[in-house]
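To start, the structure under review is shown below, and the notes come after it.
The values are calculated or read from the model by the stated rules, or taken from the named source; none is laboratory data. Just so you know, these numbers come straight off a predicted model, no measurement behind them. Note that we place each Cβ from the backbone using ideal geometry, even for glycine, and neighbour counts take in every protein chain shown. Surface accessibility is based on the protein's heavy atoms, side chains included, excluding ligands, DNA and RNA. Shrake-Rupley method; radii C 1.70, N 1.55, O 1.52, S 1.80 Å.
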Amino acid sequence: MPQGRSLAILVGLVVTLVAVPIALLALSGARTSLPPAQSGAPVAATVPDLPALQPDEAIDEASLAHDSRSDLYRVPWGAVPAGTDVTLRIAAAAGDLTSAAVRVSDELNGSSITVPLARVARDATLGEHGIDYWQATLSTIAQPTVLRYRFIVSDGAAVRYLEDDALLDGGPGEVLPATEERGWQITTYDPDFTTPDWAKGAVVYQVFPDRFANGDPSNDPSPDAVAAASGAERYRYGDVYGNPVLVRDWETELPEGSCRAYTGAGTCHEAPLGRDFYGGDLAGLTEQLPELVELGVTAIYLNPIFAAPSNHRYDTSDYTVIDPDLGTQADFDALVAEADRLGLHLILDGVFNHTSSDSPFFDRAHRFGEVGACESAGSPYATWYQLEPGPPAKCFDGQTYADWAGFDTLPALAETPDVFGAFFGADGIVRHWLDAGIGGWRLDVMNEISHGFLRGLRDAAKASNPDGLILGEFWEDASPWLLGTEADSVMNYRFRRAVLGLVNGDTPDLDGAIAGLTPSAFASVMQGVREDYPPPAWEVLHNIVDSHDTTRILWTLTPGRDNRAEKEDAANLEIGKAKLRQVAALQLTWPGMAGIYYGDEVGLTGHDDPDDRRPYPWGSEDTALREWY
């Protein structure tokens, strides 16, 4: 960052030392009477009755305190509109400190500033000798950002650090002999940030299209399928990146590679190649919409439906074409019309940071009539990708390319003006499908797309449909993307981990071990989430307990080792389902959007990807569990 920019940010963090109004202290129950604020004058000058400070080179650590959730220590609480004044305070033993300061860092702009605190009041009724309160007020800048703050206190040469605890979830902190830079968070968001009303309290049903319902057997994938000569009408070639298509039986066969993560009995070394298909399609989903409405669903989140070689379709070939194995544009239009009739909103999965190598835009396998970026520097899509000289030589003239996560079938898109225009220009992909009737976008690996790209995407989406939802995928604290300038919501994996910790206790998980939580610890973790996120985002968080990327919730809750013999044992399943009822009750009454992964409500189970993508068990549903949902 240029130095001038950093200084501008720091100057914007104007610091005023003021006293918190007496009315505020009444709310906190404190007995301290603070003097009124005096604009432009240090607050310490307004309290001459406080005795002079005499250093003894020792700090009473037990008396040091700050709690980001208490209005005695921080006002206002939680995320605030950008430009809001935030008052911070610490408590210390009376006369114990000679100085105190707060270190404030701007995470998005890369700048920091140290602000002195003034000693503003003493409560002689607390502690052995009384408690002093030190305070500063930060006037945050108008630009939305994420701030972190921690305190540095001194008594002569003795120094201690008052910081958030190791969970970084807000609330009370801890005293450290050396800084660990664990700051409390202040999220400042666009004051005009709003989110769609229809998403507040929505029940979102996630559908993996190939595995939910087969309404039109005539479009089922087959190893015998061939591409049309132009490559425009058909995107299935009888193989997936050189691997023959496998047709799976809906009722008797599991997805290829399901057993790869099993332990003990049932282990195997079969790899998922994305080439196994069951025949689910858009017509099947359309037929089942009334059933989903009867369940209580108000929105459908669809994993990718655009033309792609694999069964998961995160390797998009063409964003303008419905995958022929899922149906036609007419089938999509029928789905939109029926969803609209029933009051349902459709959310499509947008994979905007990579495409398939089997795409007319890239065309590594030379299957399309157009000249792809991998074929020639003269391709109209040459600027779409990150091509560079090999080795290895994968494209024309010995060129290679950046790919996603090491998969050479997924060339990474470059963020160039041509790509920007293709996705969120006036005739771009984002607007095209919103104009076609969808209710919003789910953004795959949102954190791997630049903030600039996402801001442009939001502008385009809201211009097309102000009530369109932008739902991002990120597994940790998503505050930098929820400032009112990019996403509206995020897949709330923080909720998933907390719920599993509460209901299941200590839980091994392929995405990281989950620690058990008491009810009060669960409440604290969830309060931390609420503290981090702006209220408009909190109201539409996508509260999930599983997804196509995790172990099925029933499998996780069922006792036993990770294999079918134990996880699908009848007695063990009853234990798992009893826990699942608790999870569902909590999930479906929690603020935000409840996210149900297809089949959870009828007892569908399975280990991690791809076992979590089994076909919906039509005819063998657990109807009692469904009634609970």
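In terms of the Cα gyration tensor, with a ≥ b ≥ c the square roots of its eigenvalues, is segment 267-329 rounded because a/c is under 1.5, prolate because a/b exceeds b/c, or oblate? Please report the intermediate quantities before stating the final value.
On the way: a/c = 2.34, a/b = 1.38, b/c = 1.69.
Judged from the Cα gyration tensor, segment 267-329 comes out oblate (a/c at least 1.5, b/c at or above a/b).
What is the percent carbon and sulfur in the accessible area of the chain, measuring with a 1.4 Å probe over the protein chains and ignoring ligands?
On the way: 12840 of 23880 Å².
Taking all protein chains in place, the chain shows 54 percent carbon and sulfur surface.
So how much slack lies between A393 and D85, counting 0.36 nm per residue of separation and subtracting their Cα-Cα distance, in nm? Present the calculation step by step, with values, prior to reporting the outcome.
Details: separation 308, 0.36 × 308 = 110.88 nm, distance 5.65 nm.
Length gained, A393 through D85: 105.2 nm.
Filter the trypsin sites (Lys or Arg not before Pro) in segment 317-381 to those in DSSP coil with at most 16 other Cβ atoms within 10 Å of their Cβ, and list the result.
On the way: sites: R341, R364, R367; in loops: R364, R367.
When the trypsin sites (Lys or Arg not before Pro) of segment 317-381 are filtered for loop state and at most 16 Cβ neighbours within 10 Å, R367 remain.
For the chain, what is the accessible area per residue in Å² when the probe is 1.4 Å? Spell out each step's value before the answer.
Values: 23880 Å² over 629 residues.
Accessible area per residue, the chain: 38 Å².
Hey, which lysines would be in cross-link range of K200, C-alpha to C-alpha under 21 Å, not counting anything within fewer than 8 residues on its own chain?
Answer for K200, where 21 Å is the Cα cut-off: K462, listed by chain and number.
Only four residue types carry charge here, +1 at the Cβ of Lys and Arg and -1 at the Cβ of Asp and Glu. Report the dipole size of segment 313-434 about the Cα centre in Debye, rounded to the nearest 20. Present the calculation step by step, with values, prior to reporting the outcome.
Values: 6 positive and 20 negative charges, 26 e Å.
Roughly 120 debye for segment 313-434.
Count the net charge of all other residues whose Cβ sits under 9 Å from the Cβ of P309, scoring Lys and Arg as +1 and Asp and Glu as -1. Provide the component values of the computation, followed by the final result.
Numbers: positive: R236, R275, R313; negative: D239, D315, D358.
Spelling it out: positives minus negatives among the neighbours equals 0.
When a/c is below 1.5 the answer is rounded, else prolate if a/b is larger than b/c, else oblate, so apply that to segment 521-629 with a ≥ b ≥ c taken from the square roots of the Cα gyration tensor eigenvalues.
Details: a/c = 1.97, a/b = 1.86, b/c = 1.06.
Here segment 521-629 falls in the prolate category.
Report, ordered by chain and residue number, the lysines lying within cross-link reach of K567, taken as a straight Cα distance under 29 Å and ignoring same-chain residues fewer than 8 apart.
Correct list for K567: K577, K579.
Using only the alpha-carbon atoms of the chain as identical scatterers, what base-10 log of I(q)/I(0) does the Debye formula give at q = 0.08, 0.09, 0.10 Å⁻¹?
-0.67, -0.82, -0.96
What is the distance, in nm, between label points placed 7 Å from the Cα along the Cα-to-Cβ direction at A157 and at T518?
With each label point 7 Å from Cα toward Cβ, the separation is 4.2 nm.
Of all trypsin sites (Lys or Arg not before Pro) in segment 476-565, which ones are in loop regions per DSSP and have a Cβ with at most 15 other Cβ atoms within 10 Å?
On the way: sites: R494, R496, R497, R530, R552, R561, R564; in loops: R552, R561.
Sparse-neighbourhood loop trypsin sites (Lys or Arg not before Pro): R561.
By the scheme Lys and Arg +1, Asp and Glu -1, what is the net charge of all other residues having a beta-carbon under 13 Å from that of A570?
Values: positive: R564, K567, K577; negative: E566, E568, D569, E574, D622.
Around A570, the surrounding residues sum to -2.
Per-residue ellipticity at 222 nm for the chain, helices alone: DSSP H runs ≥ 4 residues times -39500 (n - 2.57), over residue total, nearest 500 deg cm²/dmol? Intermediate results must be reported in sequence, preceding the final value.
Working: 14 runs with 137 residues, N = 629.
Helices in the chain give a 222 nm mean residue ellipticity of -6500 deg cm²/dmol.
What is the distance in Å between the Cα centres of segment 305-325 and segment 589-608?
One Cα centre to the other: 25 Å.
Rounded to the nearest 10 Å², what accessible area does D192 have for a 1.4 Å probe in the complete protein model?
Ignoring ligands and nucleic acids, D192 comes out at about 130 Å².
Can you give the FRET efficiency to the nearest 0.05 for T507 and D467, using r as the Cβ-Cβ distance and R₀ = 35 Å?
Numbers: r = 37 Å, r/R0 = 1.06.
With R0 = 35 Å, the Cβ-Cβ based efficiency is 0.40.
Over the chain, what is the relative contact order in percent, taking alpha-carbon pairs closer than 8 angstrom and at least six residues apart? Intermediate values should be presented prior to the final figure.
Values: 1460 pairs, mean separation 75.9, N = 629.
Relative contact order comes out at 12 percent.
Using 1/(1 + (r/R0)^6) with R0 = 41 angstrom and r between the beta carbons of E291 and A142, what's the FRET efficiency to the nearest 0.05? Walk me through the intermediate numbers first.
Details: r = 49 Å, r/R0 = 1.19.
It comes to 0.25.
Considering only protein heavy atoms, what is the solvent-accessible area of I59 at a probe of 1.4 Å, reported in Å² to the nearest 10?
30
Mind giving me the FRET efficiency for D192 and H366? R0 is 51 Å, r the Cβ-Cβ distance, nearest 0.05 is fine.
E between D192 and H366, to the nearest 0.05, is 0.55.
Report the label-to-label distance for A62 and H129 in nanometres (one decimal), using points 7 Å from each Cα along the Cα→Cβ vector.
So the label points at A62 and H129 sit 1.5 nm apart.
Which of the listed residues, A565, Q185, N543, is farthest toward the dipole's positive end in the chain, when Lys, Arg count +1 and Asp, Glu count -1 at the beta-carbon?
Going by the Cα projections, it comes out as Q185.
Which sequence of H548, H451 reflects their accessible areas, 1.4 Å probe, from the largest down? Could the numbers behind the result be given before it?
Details: H548 0, H451 60 Å².
Ranked from most to least accessible, the order is H451, H548.
Counting residues in segment 53-178 as N, plug N into 2.2 N^0.38 Å and put the Cα Rg over that result. Could you put the intermediate results ahead of the total?
Values: Rg = 14.5 Å, N = 126, 2.2 N^0.38 = 13.8 Å.
Scaled against compact globular proteins, the figure is 1.05.
Order of 603-610, 100-107 by packing, highest average Cβ count within 10 Å first?
Numbers: 603-610: 22.8, 100-107: 20.5.
Put in order of decreasing packing, that is 603-610, 100-107.
Compare H345, H66, H129 by solvent-accessible area with a 1.4 Å probe and give them largest first, with all protein chains kept in place. Walk me through the intermediate numbers first.
Values: H345 55, H66 5, H129 135 Å².
Final ranking, largest accessible area leading: H129, H345, H66.
Name the residue from W590, A93, L554 whose Cα lies farthest towards the positive end of the charge dipole of the chain, charges +1 on Cβ of Lys and Arg and -1 on Cβ of Asp and Glu.
Farthest towards the positive pole: A93.
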